[in-house]
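Chemist: Can you read through this structure? Questions will come right after.
The values are calculated or read from the model by the stated rules, or taken from the named source; none is laboratory data. What you are looking at is a predicted structure, and each value in this text was computed from that prediction instead of being measured. Heads up, the Cβs are rebuilt from the backbone with ideal geometry, glycines too, and the neighbour counts pull from every protein chain shown.
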Amino acid sequence: MRQAVVTGYTLAFTDRWFPLPPPATADWARGLAGEILGRADDEARVAELERALREVEEAARTVDLPAQTAAVLARTPGAPVLDATLIVGVHPHATRELFELRMAEWRDGRFAGGEVMSFTEVTSSTPAGAIVGCHLLVGRRDPHSDAGVAYLEERVMLGVVPDVTRGVIEVTAVAAHLGAFADMAQEVLDLVAALSVTTENA
């Protein structure tokens, strides 16, 4: 029997989450900066936020998942500050077991470019399928120093595993600073709760 494969998804962003438009859109970063700030006449703030948005887009480009969406959280209107970034994409040939193998590495403290200082498993379910993942505190190292951990990074890594299909929707949220969330894992779960999945027969 042919098995359905995950090919895409729909995710409705809640208040103060802003999806990045296609990079090919002319002046996309400036336009989004003006939308986040609620005004475009403060040139210094627009320019500062525009630079931050372009950095997020460049980081998202290195992930490069099929059907990828990137978004930023900016809680304070009028402030050129990003509180978190989110990247969602499809791994069409992944399975729950493969995602859980990656989680096992993080549980053991291994993480690219850093060391896992805290690991909390996260599980839930949605109409789109089961959710497996974790909430992490990662100690990031300064590549130019031997002083050890330079700063802590808070992130949530989730895999949405639809029923009776092949493929996993991967959700990665990274806080811009500690204290950006009262309960980061729950806020990301709330955001993903309304996600719907698109499939097609393999």
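Chemist: Which residue out of Leu86, Leu98 is touching a residue at least 24 places away in the same chain (Cβ under 8 Å) and touching a strand residue (DSSP E or B) at 6+ places or on another chain (Cβ under 6 Å)?
Modeler: Leu86
Chemist: Could you tell me which numbered condition Glu115 fails, if it satisfies all but one of (1) in a helix (DSSP H, G or I); (2) of a type in the set (D, E, K, R); (3) farther than 25 Å from Gly8 by Cα?
Modeler: (1)
Chemist: Moving on. As an exercise: evaluate Thr25 against (1) among the hydroxyl-bearing types (Ser, Thr, Tyr); (2) under 24 Å from Met184 (Cβ atoms); (3) out of contact with any Asp or Glu (no Cβ under 9 Å at 6 or more places or on another chain) and give the number of the one condition it does not meet.
Modeler: That leaves (2) as the condition not met.
Chemist: Among the listed residues Ala104, Ala71, Ala150, Ala79, which satisfies the condition of being assigned to a loop (DSSP other than H, G, I, E, B) and among the aliphatic types (A, V, I, L, M)?
Modeler: Just a single option satisfies the conditions, and that option is Ala79.
Chemist: Can you name every residue in the stretch 39-62 that is exposed (fewer than 13 other Cβ atoms within 10 Å of the Cβ) and within 20 Å of Met157 (Cα to Cα)?
Modeler: Glu58, Arg61, Thr62
Chemist: Which residues, counting only those in the stretch 101-143, are among the charged types (D, E, K, R), under 12 Å from Met157 (Cβ atoms) and within 18 Å of the chain's Cα centre (by Cα)?
Modeler: If the condition is that a residue be among the charged types (D, E, K, R), under 12 Å from Met157 (Cβ atoms) and within 18 Å of the chain's Cα centre (by Cα), then Arg102, Glu121 are the ones that fit.
Results for (1) under 23 Å from Ala128 (Cβ atoms); (2) in a helix (DSSP H, G or I); (3) modelled with pLDDT of 90 or more; (4) in contact with a Pro (Cβ under 7 Å, 6 or more places away or on another chain), shown as yes or no for each residue.
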site: Ala67; (1), (2), (3), (4): yes, no, yes, no
site: Arg75; (1), (2), (3), (4): no, no, yes, no
site: Leu86; (1), (2), (3), (4): yes, no, yes, no
site: Glu97; (1), (2), (3), (4): yes, yes, yes, no
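Chemist: Let me ask you something else. Would you mention how many residues in the stretch 181-202 are in a strand (DSSP E or B) and crowded, with 20+ Cβ neighbours inside 10 Å?
Modeler: Residues flagged as in a strand (DSSP E or B) and crowded, with 20+ Cβ neighbours inside 10 Å within the stretch 181-202 amount to 1.
Chemist: Please specify each residue of the stretch 23-38 satisfying the condition of being surrounded by 13 or more Cβ atoms within 10 Å (Cβ to Cβ) and outside any helix (DSSP H, G or I).
Modeler: Pro23
Chemist: Which of (1) of a type outside the set (Phe, Trp, Tyr); (2) under 20 Å from Thr198 (Cβ atoms); (3) at pLDDT 90 or above does Val56 not meet, given it meets every other one?
Modeler: (2)
Chemist: Turning to a different aspect of this structure: Which ones in the stretch 113-123 are surrounded by 14 or more Cβ atoms within 10 Å (Cβ to Cβ) and at pLDDT below 95?
Modeler: Gly114, Glu115, Val116, Met117 - these are the residues of the stretch 113-123 that are surrounded by 14 or more Cβ atoms within 10 Å (Cβ to Cβ) and at pLDDT below 95.
Chemist: Can you give me the number of residues within the stretch 160-179 that are under 17 Å from Val56 (Cα atoms) and out of contact with any helix residue (DSSP H, G or I) (no Cβ under 7 Å at 6 or more places or on another chain)?
Modeler: Total satisfying the criteria: 4.
Chemist: Of the residues in the stretch 101-120, how many are of a type outside the set (Lys, Arg) and touching a residue at least 12 places away in the same chain (Cβ under 8 Å)?
Modeler: Count: 11.
Chemist: Okay, moving on. Would you confirm whether any residue within the stretch 164-180 is assigned to a strand (DSSP E or B), closer than 26 Å to Ala52 by Cβ and of a type outside the set (A, V, I, L, M)?
Modeler: Yes, because at least one residue in the stretch 164-180 is assigned to a strand (DSSP E or B), closer than 26 Å to Ala52 by Cβ and of a type outside the set (A, V, I, L, M).
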